[in-house]
Amino acid sequence: MNIIGETERIRLVVFEESHVEPAKLFWGDKEVMKLCGGSASVETLPKTIEFYRHCHENNNLSVYAVMENSTGEIIGAAGFNVENTIEEVELIYHFNKKSWGKGYATEAVGACMNIVKLHPKVKLVSASASKENVGSLKILERVGFTYIGLKWFEDTQQEEPVYECRLIKETISQ
């Protein structure tokens, strides 16, 4: 198991084929994904997991499985979509319903931000959530994101608040 980050209660690990079943409980769940453009079909989950494995291999940054330390159970996903360029990435996170309201999302987002701050190429992290998902919007503000404005998203077919976090990279002079 390739551990990318860890807190007292969770680990961020590179997705593996064995994570398809637990991913059904977040990405495949209609209620979990109702504000995110809808759930993924069960048939696409192996491809999604493989995509995120390759993303980590190619960029040293990706969306990761969130594992609860005490049980070893995969309870969600958190990390970064790398679309056009590694300099600008999108933070995402999704958790199964039984993990809601326990602070796991805040903990995972904090761990993700610690990881991305160490990445030498990333300069900007963006994130968005449905206006109805007040909890996610509060998490973004709590970890230092700045509200930018509203943007229409084709994948979710809705206008969403967009947040950004600019990363300041220290240069070391010799």
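The values are calculated or read from the model by the stated rules, or taken from the named source; none is laboratory data. Bear in mind that the values here come from a model prediction, so they are computed numbers and not experimental data. Using ideal geometry, Cβ is built from the backbone for each residue, glycine included, and neighbour counts are taken over all protein chains shown.
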Report task. Could you name every one of the helices (runs of 4 or more DSSP H) located completely within the stretch 1-97 that has at least 3 residues being in contact (Cβ under 8 Å) with a residue 40 or more places away in the chain? Result -> 30-33
Report task. Determine if the stretch 131-139 includes at least one residue that is in contact with a Pro (Cβ under 7 Å, 6 or more places away or on another chain) and either under 19 Å from Lys151 (Cβ atoms) or assigned to a loop (DSSP other than H, G, I, E, B) (or both). Result -> yes
Query raised in the report: Which of (1) assigned to a loop (DSSP other than H, G, I, E, B); (2) modelled with pLDDT of 95 or more; (3) not aromatic (Phe, Trp, Tyr) does Gly101 not meet, given it meets every other one?
Result: (2)
Query raised in the report: Restricting attention to the stretch 70-107, and to residues there that are more than 20 Å from Ile3 (Cα to Cα) and among the hydrophobic types (A, V, I, L, M, F, W, C), which single residue is surrounded by the fewest Cβ atoms within 10 Å (Cβ to Cβ)?
Result: Trp100
Requested in this report: Could you please find all residues in the stretch 9-48 being closer than 19 Å to Trp100 by Cβ and exposed (fewer than 13 other Cβ atoms within 10 Å of the Cβ)?
Outcome: Lys30, Glu31, Gly38
Report summary line: The condition from (1) among the small types (Gly, Ala, Ser); (2) within 16 Å of Val125 (Cβ to Cβ); (3) more than 10 Å from the chain's Cα centre (by Cα) that Ser39 misses is numbered (2)
Report task. Only one of these is within 18 Å of the chain's Cα centre (by Cα) and either surrounded by fewer than 20 Cβ atoms within 10 Å (Cβ to Cβ) or at pLDDT below 95 (or both): Ala129, Ala111. Name it. Result -> Ala129
**Report entry** Matching residues, the stretch 134-163, being within 26 Å of Ala40 (Cβ to Cβ) and among the basic types (Lys, Arg)
**Finding:** Lys138, Lys151
Query raised in the report: Among Pro120, Pro161, which is the only one that is surrounded by 18 or more Cβ atoms within 10 Å (Cβ to Cβ), not in a helix (DSSP H, G or I) and not acidic (Asp, Glu)?
Result: Pro161
